[in-house]
1. Counting heavy atoms of the protein chains only and a 1.4 Å probe, report the per residue accessible area for region 15-58 as a whole number of Å².
2. How far, in nm, would the chain grow between A107 and L73 when pulled straight, counting 0.36 nm per residue and subtracting the alpha carbon separation?
3. Can you pull the percent of region 89-136's accessible area that's carbon plus sulfur, 1.4 Å probe, other chains left in place?
4. Compute the Cα gyration tensor for region 9-49, then decide on rounded, prolate or oblate, letting a ≥ b ≥ c be the square roots of its eigenvalues: rounded whenever a/c is under 1.5, prolate when a/b is larger than b/c in the other cases, and oblate in all that remain.
Amino acid sequence: LQDRTIGRVVVQLAGAVPSSNSLRLPRRQEDSLGAPGRFLYVQLRLEVGKPFAIHADIAAADRGLHRVSVSNLYASQHSARMKRSGVQVFLPATHDGWMLLALDLGALARQSGRSPYASLRALQLCANMTVRGAFTADVRHDWQVGLGAWMGFADVRQWHTSLAAAAPKTRQKVHVIS
């Protein structure tokens, strides 16, 4: 599917129940992405008012497996809440445009008080979102400069021009969670 707003190929996930309408990478639970980057970046567009969830399964240095979940399904509106299985982060789906979600997996793993972060084992994207792509990095990128080419802009000037020309409704929004 090609998105008309950004002119790029995207994956669209839709459905009333997020857990049964999802994409898991890698597909088999026995496999691991093994992505060592501390920061997870996801370019996505959420469906306003509809349920969604993003689960990042992370491997810790002690070989333990922990889950960081970002969703609008959690009752608590605190920035991050500890659960026995990992960390839950509330993020409302109120922005009707493309956004860049940046998760500091290292900081979220430290909040749980467990062993330090080692790598991203799996990523599960659940319902009511359109996703352009995701990657990990050890560097906290400046979204205005470093990520323009990845988001489909040839150079920084085109990136800044498109942001300035975009209507407020379609302007990109950045959420950094740590």
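The values are calculated or read from the model by the stated rules, or taken from the named source; none is laboratory data. Quantities reported herein were computed from a predicted structural model and do not represent experimental measurements. In case anyone asks, the SASA skips ligands and DNA or RNA and just uses the protein heavy atoms, side chains included. Shrake-Rupley method; radii C 1.70, N 1.55, O 1.52, S 1.80 Å.
1. For region 15-58, the solvent-accessible area averages 50 Å² per residue.
2. Gain on extension, A107 to L73, equals 10.0 nm.
3. Roughly 47 percent of what the probe reaches on region 89-136 is carbon or sulfur.
4. oblate
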